[in-house]
1. Output the number of the condition that residue 213 fails; it satisfies all remaining conditions of (1) of a type outside the set (Asp, Glu); (2) assigned to a helix (DSSP H, G or I); (3) at pLDDT below 95; (4) under 19 Å from residue 90 (Cβ atoms).
2. Consider residue 152 carefully, then state whether it is surrounded by 17 or more Cβ atoms within 10 Å (Cβ to Cβ) and among the hydroxyl-bearing types (Ser, Thr, Tyr).
3. What number goes with the only condition from (1) part of a loop (DSSP other than H, G, I, E, B); (2) in contact (Cβ under 8 Å) with a residue 24 or more places away in the chain; (3) farther than 15 Å from residue 117 by Cα that residue 91 does not pass?
4. Mind listing whichever residues of the range 1-19 are farther than 24 Å from residue 79 by Cα and either touching a residue at least 60 places away in the same chain (Cβ under 8 Å) or touching a Pro at 6+ places or on another chain (Cβ under 6 Å) (or both)?
5. Can you find, within the range 135-149, the residue that is surrounded by the fewest Cβ atoms within 10 Å (Cβ to Cβ) among those that are at pLDDT below 95 and among the acidic types (Asp, Glu)?
6. Please specify each residue of the range 179-191 satisfying the condition of being under 20 Å from residue 132 (Cα atoms) and in contact with a strand residue (DSSP E or B) (Cβ under 9 Å, 6 or more places away or on another chain).
7. Of all residues in the range 94-123, which are surrounded by fewer than 18 Cβ atoms within 10 Å (Cβ to Cβ), of a type in the set (Ser, Thr, Tyr) and either touching a helix residue (DSSP H, G or I) at 6+ places or on another chain (Cβ under 6 Å) or assigned to a helix (DSSP H, G or I) (or both)?
8. Output the residues belonging to the range 238-253 that are surrounded by 12 or more Cβ atoms within 10 Å (Cβ to Cβ), of a type in the set (A, V, I, L, M, F, W, C) and either more than 13 Å from residue 149 (Cα to Cα) or more than 16 Å from the chain's Cα centre (by Cα) (or both).
Amino acid sequence: MILEGKRILVTGVMTKTSIAHSVAEQAQEAGAEVVLTSFGRARRMTERAAKSLPKTPDILELDVNKAEDFEGVVSDLRERWGGIDGALHAIAFAPEEALGGDILRASAEGATMAFQTSAFSLKTLAAALLPLMEEGDGEPGGSIVGLDFDASVAWPVYDWMGVAKAALESLSRYLARDLGPRGVRVNLVSAGPIKTAAASGIPGFELLAGAWNRQSPLKWDTKDPVPVAQTVCFLLSDWARAITGEIIHVDGGFHAMGTALPEDDAPVEKESDDEAPDESEDEQSD
């Protein structure tokens, strides 16, 4: 089992449909010890979801915008395990004004909240866990994996969350640069749309999900987070020990296509001889 004996912290579990829930499940099945985080009103939902895992994990209080919560998490993990081997960052939030298809509508406060919670928190999590990854009986180091949604293009309605994801992608590379010499890897998994409780709060999600299968060469199931979770577990494992600063797309190939693929029964127009380009004129000269 690729995570045998690993100690993994998983953030972001809200319901059984959460990608983070699937990561926790796959990690346990791969031999890892898992602890979850949650906070506030969402904690009851996390507790219910945790009971459906192969082994019900403990849940630590963590609001990523509260420094004292990080102190509590680090203290608990040090006492519990003495160190840690990996963590999943599955945290994102943007206020309503920062979503919806009008990027001019958001206030500075709304945009800042999206950035701080969805991107800067990766740095805060890494800084808090770094001492634990350097401590313990085993070899120093570890793996931090974040969940991403492709920020190389503009999406309908995603607005400041898209900007925050672009910051997350850039930040992951800088963290990989600075933490690599200390044995810590930092990577992201850019997932296709998965129907989670969080996704239901994004206006136009169904429209986006519907477009996905028209462009991805592999069939994409918005109700199946397992391919994403298994990729996260690979990155948390020693099998990925030479990978850092990477963004792995688990999206059915959507990101690699320039446009939607034609339907199987759609007619394909062929160029006539008159319309064919003269290749001799296109050749480059020395």
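The values are calculated or read from the model by the stated rules, or taken from the named source; none is laboratory data. Fair warning: this is a prediction, and the values are worked out from it, not measured in the lab. Quick reminder, even Gly has a Cβ in these numbers, built from the backbone with ideal geometry, and neighbours come from all protein chains shown.
1. (4)
2. So residue 152 does not fit the description; no.
3. (3)
4. Going through the range 1-19, the residues farther than 24 Å from residue 79 by Cα turn out to be 1-2, 14-19.
Selection gives 2, 14, 15, 17, 18, 19.
5. 137
6. Answer for the range 179-191, where residues must be under 20 Å from residue 132 (Cα atoms) and in contact with a strand residue (DSSP E or B) (Cβ under 9 Å, 6 or more places away or on another chain): 179, 180, 183, 184, 185, 186, 187.
7. Result: 112, single match.
8. 239, 240, 243
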